[in-house]
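Input: a single structure, listed below in structure tokens.
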Amino acid sequence: MKEKLYRFLAGRYGMDDLNKFLLALEILFLLLNFFIPNGILLILFYFIFALYVFRSFSRNIVARSIENQKYVRIRSKITHTFKAFFKSLKDRSYHYYVCPKCSQIIRVPRNKGMITITCPSCRTQFDKKS
């Protein structure tokens, strides 16, 4: 039986960052459903669970990898935006902005008016108020 399970799981995609997020989302919806019994939360739980199982057992590794890369890119933009915001709150002499292309956090001096910011890593230019 153990050998059959190994053969079944061979070549499957398995776990990645997007699956970890989906698992956490499942647990959140399940806990919310315990405290606030609602059919919609249960349907969302089952839908996310099915998506989680589908991604875990998929043999199309390239497609699942592309999905994970898109998720990681979106997550990094969100986390960098929050980091830049909290750095701007702490540091009163600089503003912190996130590059729209590569998500690099860029430090800009305050009180300079509208300036054109050039990202040091990807050379993208964008205008912001300093």
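The values are calculated or read from the model by the stated rules, or taken from the named source; none is laboratory data. Only a predicted model underlies this, so the values are computations on that prediction, with no experimental measurement involved. Note that each Cβ is placed from the backbone with ideal geometry, even for glycine, and that neighbours are counted across all protein chains shown.
When region 34-62 is filtered for residues that are over 19 Å from Ala24 (Cβ atoms), aliphatic (A, V, I, L, M) and in contact with a Phe, Trp or Tyr (Cβ under 9 Å, 6 or more places away or on another chain), only Ile61 remains.
Suppose we filter region 104-130 for residues that are part of a loop (DSSP other than H, G, I, E, B), within 25 Å of the chain's Cα centre (by Cα) and at negative phi; how many remain? Step through it out loud before you land on a result.
In the first step, residues of region 104-130 are kept if they are part of a loop (DSSP other than H, G, I, E, B); the result is 104, 110-113, 119-124, 130.
In the following step, the residues that additionally are within 25 Å of the chain's Cα centre (by Cα) were identified as 104, 119-124.
Filter once more, keeping what is at negative phi: 104, 119-122, 124.
Number of matching residues: 6.
Checking each residue of region 86-103 against the condition of being in a helix (DSSP H, G or I) and of a type in the set (Lys, Arg) gives at least one match.
Within region 5-20, identify whether any single residue is part of a helix (DSSP H, G or I) and of a type in the set (Gly, Ala, Ser), and answer yes or no. No, every residue in region 5-20 fails to be part of a helix (DSSP H, G or I) and of a type in the set (Gly, Ala, Ser).
Conditions tested, residue by residue: (1) in contact (Cβ under 8 Å) with a residue 24 or more places away in the chain; (2) exposed (fewer than 11 other Cβ atoms within 10 Å of the Cβ); (3) on the phi > 0 side of the Ramachandran plot.
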| site | (1), (2), (3) |
| --- | --- |
| Lys2 | no, yes, no |
| Ala10 | no, yes, no |
| Met15 | yes, no, no |
| Asn19 | yes, no, no |
| Glu26 | yes, no, no |
| Phe29 | no, no, no |
| Phe35 | no, yes, no |
| Asn38 | no, no, no |
| Leu41 | no, no, no |
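Does Cys99 fit the bill of being under 26 Å from Asp17 (Cα atoms), hydrophobic (A, V, I, L, M, F, W, C) and either touching a residue at least 12 places away in the same chain (Cβ under 8 Å) or touching a helix residue (DSSP H, G or I) at 6+ places or on another chain (Cβ under 7 Å) (or both)? Walk me through it before giving the result.
Working: under 26 Å from Asp17 (Cα atoms): yes; hydrophobic (A, V, I, L, M, F, W, C): yes; either touching a residue at least 12 places away in the same chain (Cβ under 8 Å) or touching a helix residue (DSSP H, G or I) at 6+ places or on another chain (Cβ under 7 Å) (or both): yes.
Yes; evaluated as a whole, the condition is true for this residue.
Just one of (1) modelled with pLDDT under 85; (2) under 22 Å from the mean Cα position of the chain (by Cα) fails for Leu28. It is (1).
Please find, within region 52-75, the residue that is farthest from Pro100 (Cα to Cα) out of those that are of a type in the set (Gly, Ala, Ser) and surrounded by fewer than 14 Cβ atoms within 10 Å (Cβ to Cβ). Steps first, please.
Looking only at region 52-75, we keep the residues that are of a type in the set (Gly, Ala, Ser), and these are 56, 58, 63, 65.
Pick out the ones that are also surrounded by fewer than 14 Cβ atoms within 10 Å (Cβ to Cβ) and you get 63, 65.
On the way: Ala63: 25, Ser65: 23 Å.
Among residues in region 52-75 that are of a type in the set (Gly, Ala, Ser) and surrounded by fewer than 14 Cβ atoms within 10 Å (Cβ to Cβ), the one farthest from Pro100 (Cα to Cα) is Ala63.
Take the conditions more than 16 Å from the chain's Cα centre (by Cα), farther than 30 Å from Ile105 by Cβ, of a type outside the set (S, T, N, Q) and surrounded by 11 or more Cβ atoms within 10 Å (Cβ to Cβ) and apply them to Phe49. Does it pass? Considered against the rule, which asks whether it is more than 16 Å from the chain's Cα centre (by Cα), farther than 30 Å from Ile105 by Cβ, of a type outside the set (S, T, N, Q) and surrounded by 11 or more Cβ atoms within 10 Å (Cβ to Cβ), Phe49 comes out as yes.
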